[in-house]
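Asks: Got a structure for you, written out below as structure tokens; questions coming shortly.
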Amino acid sequence: MKIGLVGLGLIGGSLGLDLRSQGHSIVGISRQESTCKTALRKGIADQASTSFEALSEVELVIICTPIAAIAPTIKQIVPYLNSDTIITDVGSVKQPVVKECKPLWSNFIGGHPMAGTAESGIDAALPNLFTGAAYVFTPTPESKSEHVEKLKAIALQLNAIPYVCDAKVHDRAVSWISHLPVMVSASLIQVCLQEEPDTLQLAQILASSGFRDTSRVGGGNPELGVMMAKYNREELLRSLYNYRDNLDGIIDLIEGEQWQDLEEMLKINGEARPKFLFVRNS
Ligand code: NAP
């Protein structure tokens, strides 16, 4: 299949590497000549251009830009596409993207590969990034089933696990497992910084694997954190309010010295955790 990738960063570049290795012909579109050259040199694309005209014969376009640029990019590319071309995106939030993009192109189906790293740009592109990861598609009732099947087949070729769900359900689920953890982890770092200097310094010296694990996502890219909060605001607030209530419950248990109840809760959590880890999540 001839596939267009718009935005040759971490996700776009990684898709190019794996889709090319599966025999697809890749047209890479970047805003910069230098990125086009890198894409050809690294085997990310067969053809690379700064012009959307290069997309005129592709069967599928995958928009791999930041979320804010997805709809504006679709507006720019549609004059060059065949009417039966499928457009999908890789944005980490789906409801606002689908709402904005579906009216721009009836063959638009939202997508989100649940894989990534903390790096960005074409030099961060990796082969096999999507192996074992979930790849979510969020068609609407108007989407053609053969288009959904084509996208699921692409996900399988990436060795990812395709899932189809409603955009709202996706955003609610990723709020729990991706966006809430970022805010909780950020809050953990922030509250530690409020300790008086000598104790804080000792805490920083003593911090080991537990703190490394729990603070990792809160110490990541600030732009990504703001993007989650901005585009998934409603679901993130819902998760945060629930989390705050739950934390109050834990405080109550400790204040009331209800050690058995606390132990019971921790036991249930220990049993539940593996169920969140059966696919590799980003
Ligand atoms: P990235 O490495 O920064 O790549 C994004 C690329 O988009 C840039 O390299 C750039 O490519 C292009 N771009 C940037 N600003 C643009 C603009 N204003 N207009 C048009 N193009 C622009 O970021 P990424 O991590 O690949 O993320 C891309 C998308 O994947 C985002 O929507 C994100 O939500 C989603 N996602 C990310 C992860 C993750 O862990 N990073 C995981 C799943 C999904 P050119 O310079 O080639 O134009």
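The values are calculated or read from the model by the stated rules, or taken from the named source; none is laboratory data. Being a predicted model, the structure only gives us computed values, none of them experimental. Reconstructed Cβ throughout: ideal geometry from the backbone, glycine too, with neighbour counts over all protein chains shown.
Asks: For the stretch 16-36, how many residues are over 18 Å from THR50 (Cα atoms) and of a type outside the set (Asp, Glu)?
Replies: Step one: filter the stretch 16-36 for residues over 18 Å from THR50 (Cα atoms), giving 17-24.
After this cut, where a residue has to be of a type outside the set (Asp, Glu) as well, the list is 17, 19-24.
Residues flagged as over 18 Å from THR50 (Cα atoms) and of a type outside the set (Asp, Glu) within the stretch 16-36 amount to 7.
Asks: Criterion first (in contact with a Phe, Trp or Tyr (Cβ under 9 Å, 6 or more places away or on another chain) and within 13 Å of the ligand (Cβ to nearest atom)) does THR117 satisfy it?
Replies: no
Asks: Within the stretch 26-49, can one find any residue that is closer than 23 Å to PRO141 by Cβ, touching a residue at least 40 places away in the same chain (Cβ under 8 Å) and within 12 Å of the ligand (Cβ to nearest atom)? Can you show your working first?
Replies: First, the residues of the stretch 26-49 that are closer than 23 Å to PRO141 by Cβ: none.
So far as the stretch 26-49 goes, no, none of its residues is closer than 23 Å to PRO141 by Cβ, touching a residue at least 40 places away in the same chain (Cβ under 8 Å) and within 12 Å of the ligand (Cβ to nearest atom).
Asks: Does ILE77 qualify as being hydrophobic (A, V, I, L, M, F, W, C) and either away from the ligand (no atom under 14 Å from the Cβ) or touching a Lys or Arg at 6+ places or on another chain (Cβ under 7 Å) (or both)?
Replies: Values: hydrophobic (A, V, I, L, M, F, W, C): yes; either away from the ligand (no atom under 14 Å from the Cβ) or touching a Lys or Arg at 6+ places or on another chain (Cβ under 7 Å) (or both): no.
Spelling it out, it is not the case that ILE77 is hydrophobic (A, V, I, L, M, F, W, C) and either away from the ligand (no atom under 14 Å from the Cβ) or touching a Lys or Arg at 6+ places or on another chain (Cβ under 7 Å) (or both).
Asks: Can you tell me which residues in the stretch 93-124 are polar (S, T, N, Q), at pLDDT below 95 and either surrounded by 15 or more Cβ atoms within 10 Å (Cβ to Cβ) or farther than 24 Å from SER34 by Cβ (or both)?
Replies: Let us first name the residues in the stretch 93-124 that are polar (S, T, N, Q), namely 95, 106-107, 117, 120.
Filter once more, keeping what is at pLDDT below 95: 117, 120.
The answer is SER120, and nothing else.
Asks: Further question on the same structure: Could you list all residues from the stretch 25-58 that are of a type in the set (Lys, Arg) and either more than 20 Å from PRO79 (Cβ to Cβ) or more than 24 Å from the chain's Cα centre (by Cα) (or both)? Show your work before the answer.
Replies: Initially, the stretch 25-58 is screened for residues of a type in the set (Lys, Arg), giving 31, 37, 41-42.
Result: LYS37, ARG41, LYS42.
Asks: Kindly check whether there is at least one residue in the stretch 142-151 that is within 23 Å of PHE278 (Cα to Cα) and in a helix (DSSP H, G or I). Talk me through it step by step, then tell me what you get.
Replies: Of all residues in the stretch 142-151, those within 23 Å of PHE278 (Cα to Cα) come to 151.
This time we only want the ones that are in a helix (DSSP H, G or I), so: 151.
So far as the stretch 142-151 goes, yes, one or more of its residues are within 23 Å of PHE278 (Cα to Cα) and in a helix (DSSP H, G or I).
Asks: Then there's this: As an exercise: evaluate ILE87 against (1) crowded, with 16+ Cβ neighbours inside 10 Å; (2) within 13 Å of the ligand (Cβ to nearest atom); (3) of a type outside the set (Phe, Trp, Tyr); (4) without any contact (Cβ under 8 Å) to a residue 60 or more places away in the chain and give the number of the one condition it does not meet.
Replies: (2)
Asks: Do we have GLN76 as surrounded by fewer than 21 Cβ atoms within 10 Å (Cβ to Cβ) and closer than 19 Å to ALA229 by Cα here?
Replies: Working: surrounded by fewer than 21 Cβ atoms within 10 Å (Cβ to Cβ): yes; closer than 19 Å to ALA229 by Cα: no.
No.
Asks: Any residue in the stretch 115-123 that is more than 18 Å from LYS168 (Cβ to Cβ), in a loop (DSSP other than H, G, I, E, B), among the polar types (S, T, N, Q) and under 19 Å from the mean Cα position of the chain (by Cα)? First the steps, then the outcome.
Replies: Initially, the stretch 115-123 is screened for residues more than 18 Å from LYS168 (Cβ to Cβ), giving 115-123.
Subset that is in a loop (DSSP other than H, G, I, E, B): 115-121.
When the remaining residues are screened for being among the polar types (S, T, N, Q), the result is 117, 120.
Then drop every residue that is not under 19 Å from the mean Cα position of the chain (by Cα), which leaves 117, 120.
Checking the stretch 115-123: at least one residue is more than 18 Å from LYS168 (Cβ to Cβ), in a loop (DSSP other than H, G, I, E, B), among the polar types (S, T, N, Q) and under 19 Å from the mean Cα position of the chain (by Cα).
Asks: A further question follows. Mind listing just one residue for me: the one in the stretch 132-141 that is part of a loop (DSSP other than H, G, I, E, B) and in contact (Cβ under 8 Å) with a residue 40 or more places away in the chain and, of those, farthest from the ligand (Cβ to nearest atom)? Give the steps one after another, and end with the answer.
Replies: To start, the set of residues in the stretch 132-141 that are part of a loop (DSSP other than H, G, I, E, B) comprises 132, 139-141.
Narrowing further to those that are in contact (Cβ under 8 Å) with a residue 40 or more places away in the chain: 132, 140.
Values: GLY132: 14, THR140: 19 Å.
Looking at the filtered set, the residue picked out is THR140.
Asks: Condition test on LEU60, is it touching a residue at least 40 places away in the same chain (Cβ under 8 Å) and away from the ligand (no atom under 11 Å from the Cβ)? Write out each step before concluding.
Replies: Numbers: touching a residue at least 40 places away in the same chain (Cβ under 8 Å): yes; away from the ligand (no atom under 11 Å from the Cβ): yes.
Yes: the conditions hold for LEU60.
Asks: For the structure I just gave you, tell me whether ILE3 is of a type outside the set (Lys, Arg), closer than 16 Å to ALA155 by Cβ and either near the ligand (Cβ under 9 Å from one of its atoms) or out of contact with any Ser or Thr (no Cβ under 9 Å at 6 or more places or on another chain) (or both). Before the answer, list the steps.
Replies: Details: of a type outside the set (Lys, Arg): yes; closer than 16 Å to ALA155 by Cβ: yes; either near the ligand (Cβ under 9 Å from one of its atoms) or out of contact with any Ser or Thr (no Cβ under 9 Å at 6 or more places or on another chain) (or both): no.
For ILE3, the condition - of a type outside the set (Lys, Arg), closer than 16 Å to ALA155 by Cβ and either near the ligand (Cβ under 9 Å from one of its atoms) or out of contact with any Ser or Thr (no Cβ under 9 Å at 6 or more places or on another chain) (or both) - is not met.
Asks: So is THR65 within 12 Å of the ligand (Cβ to nearest atom), touching an Asp or Glu at 6+ places or on another chain (Cβ under 7 Å), on the phi < 0 side of the Ramachandran plot and of a type in the set (S, T, N, Q) or not?
Replies: On the way: within 12 Å of the ligand (Cβ to nearest atom): yes; touching an Asp or Glu at 6+ places or on another chain (Cβ under 7 Å): no; on the phi < 0 side of the Ramachandran plot: yes; of a type in the set (S, T, N, Q): yes.
The answer is no for THR65.
Asks: Oh, and also: Does PRO96 fit the bill of being in a helix (DSSP H, G or I) and either within 8 Å of the ligand (Cβ to nearest atom) or of a type in the set (Gly, Ala, Ser) (or both)?
Replies: No: the conditions fail for PRO96.
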